[in-house]
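See below for the structure under consideration.
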Amino acid sequence: MILTVRETKVILDSDLAMLYGVETKTLNRAVKRNLARFPQSFMFQLQREEFANLKCQIGTSSSYGGKRKLPYVFTEHGALMAANVLSSPKAVKMSVALIEAFVRLRQELTSTRELARRRAEIEKTVMTHDRALGKLFEVIKPLLMPPPELPKKKIGFHP
């Protein structure tokens, strides 16, 4: 049900209404009564070209039973706001579920950031140890070499 329009992930008003258990006109009416809650980044109406393109992609009916008005589309924030302005039991449940999903996502992001910070710390420590081991090896390397051979004394009389 999620589509990409204007490089934004959106859901059609009819699909959102179905998810919330209300008619599309009921959803749109509730939205229009609360327009201040729906800035352009939450919801926008499709243009004719966009709608024609979507009709080709999703097979929307163009006969008498089809859409007569250009549909609205909602971003994830708009979908959440729509759940807040509707009063159907299903919309309330969806609103709670969306909020819980966002909270879990934020917790995951926080733990991911913490893991990234810890990994960077470990990498820094390992790099410090690598440098120290390199210096230590340079000092020890001459000691690991076999001792130079001492010149042998010649046997006999040497003037």
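No lab work stands behind these numbers, since they all come straight from the coordinates. Just so you know, these numbers come straight off a predicted model, no measurement behind them. Virtual Cβ from ideal backbone geometry, glycine too; neighbours counted across all protein chains shown.
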Listing 87, 14 from the residue with the fewest other Cβ atoms within 10 Å to the one with the most, what is the order?
87, 14
Efficiency of FRET between residue 117 and residue 96 - r from beta-carbon atoms, R0 41 angstrom, step 0.05:
0.80
Using a simple spin-label model with points 7 Å from Cα along the Cα→Cβ vector, what separation in nm is obtained for residue 9 and residue 109?
1.2
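Take every Cα pair under 8 Å in the chain that's 6+ residues apart, average their separations, divide by the length, and report that relative contact order as a whole percent. List each step's numbers first, then the result.
On the way: 107 pairs, mean separation 35.7, N = 159.
Result for the chain is 22 percent.
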Longest DSSP-loop-exposure-free segment, chymotrypsin sites (Phe, Trp or Tyr not before Pro), the chain, at most 11 other Cβ within 10 Å:
65-156
Give me 125, 24 ranked fewest to most by other Cβ atoms within 10 Å of their Cβ, as a rough exposure proxy.
125, 24
Roughly how far apart, in whole Å, are the Cα centres of segment 93-125 and segment 1-25?
28
Matching label for the computed mean projected area of the Cα convex hull in nm², out of [x] 9.1; [y] 20.4; [z] 10.9, is [y]
Round to a whole angstrom and tell me the spacing of the C-alpha centers of segment 127-159 and segment 33-54.
79
Qualifying trypsin sites (Lys or Arg not before Pro) in segment 1-54, DSSP loop, other Cβ atoms within 10 Å at most 14
6
Using modelled amide H (1.01 Å from N, peptide plane; none on Pro or chain starts), what sits under 5 Å from the amide H of residue 5, excluding residues fewer than 5 places away?
10
